[in-house]
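Read through the structure below, which is laid out as structure tokens, and then see the notes.
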Amino acid sequence: MPEVTVPLGRKSGLPAGEHYEIELRDLHKSYGDNEVLKGIDLDIALGEVVVILGPSGSGKSTMLRCINMLETPTSGEIRVRGQVVDSRPANLMALRREVGMVFQQFNLFPNMTVLENVAAGPRYVRGMSRADSEARAQQLLTRVGIVGKDDVRPTRLSGGQQQRVAIARALALEPRVVLFDEPTSALDPELRGEVLDTMKSLASQGTTMAVVTHEMSFARHVASRVIFIDGGVIVEEGDPAQVLERPKSARLRQFLNKLE
Ligand code: ADP
Ligand code: MG
């Protein structure tokens, strides 16, 4: 028998040399004395839609923000396709290209037009020509259903439209993974559906996504896996039916009951 070497980072279920899109290992994050993340282990595979649930203050945003280094973890390891992530500037640039993010408050650039918001990444990060970056932005805006708004300032749009522009912008650098932090929480209920439909369509096209949300219907029907975080640890995880219909812990049962 030839000797078989197992590459570092190999996980059961993945062929040798292949990696998850995202791997978190014993991730900790403290703000002063406040330990917010207390050892998170999480793998996100290609094409997975991972929905993250948890009470307010449980560390959901902090975890997402650590994944693309908007926050620096206190300890632990983050790998993106097997590459260890750290906060060196060259790594950060590469990381932000691979991991897109959509925020609750959209965070669009108010002084740019809709088209410029989406074209800016390809133009200034990728060095695409103006014409190419704008053509690409137009394709993405069409994909999220925003047509005929190229020259408008984002604040002239409805919240649902702004969030769809933000999704187009997050897709502009062709990230491998898109993180969503409560993307519909700032929207009036009647505008949530259009954003959820856009996300659903991304999911059906195989986009790898991690989504913090309280939208139970999205969790139930779109998630490939649901994770429940409480007090900075993952308390439960599994397929949506298992986690949502047959919660094991009292904490999760209580959380789900409050949502009904
Ligand atoms: P969630 O998104 O689950 O509501 P967060 O990750 O936003 O929770 O916050 C978890 C905890 O971390 C909270 O206690 C919050 O006050 C604290 N926290 C978050 N961001 C900061 C920060 N920049 N500085 C200090 N404390 C923070
Ligand atoms: Mg949050």
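What follows is calculated from the coordinates using simple rules that are stated; it is not laboratory data. The structure displayed is predicted, hence computed values, not measured ones. Reconstructed Cβ throughout: ideal geometry from the backbone, glycine too, with neighbour counts over all protein chains shown.
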Relative contact order of segment 85-225, please, whole-number percent, based on alpha carbon pairs below 8 angstrom and at least 6 residues apart. 30
Could you sort 184-193, 92-101 so that the peptide with the highest average Cβ count within 10 Å comes first and the rest follow in order? 92-101, 184-193
Antiparallel bridge percentage (DSSP; both residues within the chain; nearest 5): 55
Express in % the proportion of alpha carbon pairs of segment 20-70 at distances exceeding 16 Å. 42
Rg and Dmax of segment 187-260, Cα atoms, in Å? 13.0, 36
What is the Å³ per residue value for the convex hull set by the Cα atoms of segment 98-181? 81
Tell me the relative contact order for the chain as a rounded percent, counting alpha carbon contacts under 8 Å between residues six or more apart. 24
Binning at 5 angstrom from zero up to the longest distance, how are the C-alpha pair distances of segment 51-157 distributed in percent? 2, 10, 17, 18, 16, 15, 13, 6, 2, 0
Residue pairs, from the table LYS38/LYS248; LYS60/LYS248; LYS29/LYS200, whose Cα atoms sit over 26 Å apart: LYS29/LYS200
Radius of gyration and maximum dimension Dmax of the chain, Cα, Å: 18.9, 68
Going fewest to most other Cβ atoms within 10 Å around each Cβ, PHE180, PHE218, PHE109, PHE103 line up as PHE109, PHE103, PHE218, PHE180
For the chain, with a Gaussian network of springs between Cα atoms less than 10 Å apart, report the residue from PRO154, PRO15, PRO247 with the top mean-square fluctuation. PRO15
If you add up the charges near LEU24, with Lys and Arg at +1 and Asp and Glu at -1, over every other residue whose beta carbon is less than 10 angstrom from its beta carbon, what do you get? -3
Segment 177-194 scanned against label point 7 Å out from VAL125 along Cα→C-beta; backbone N under 20 Å for 177-183
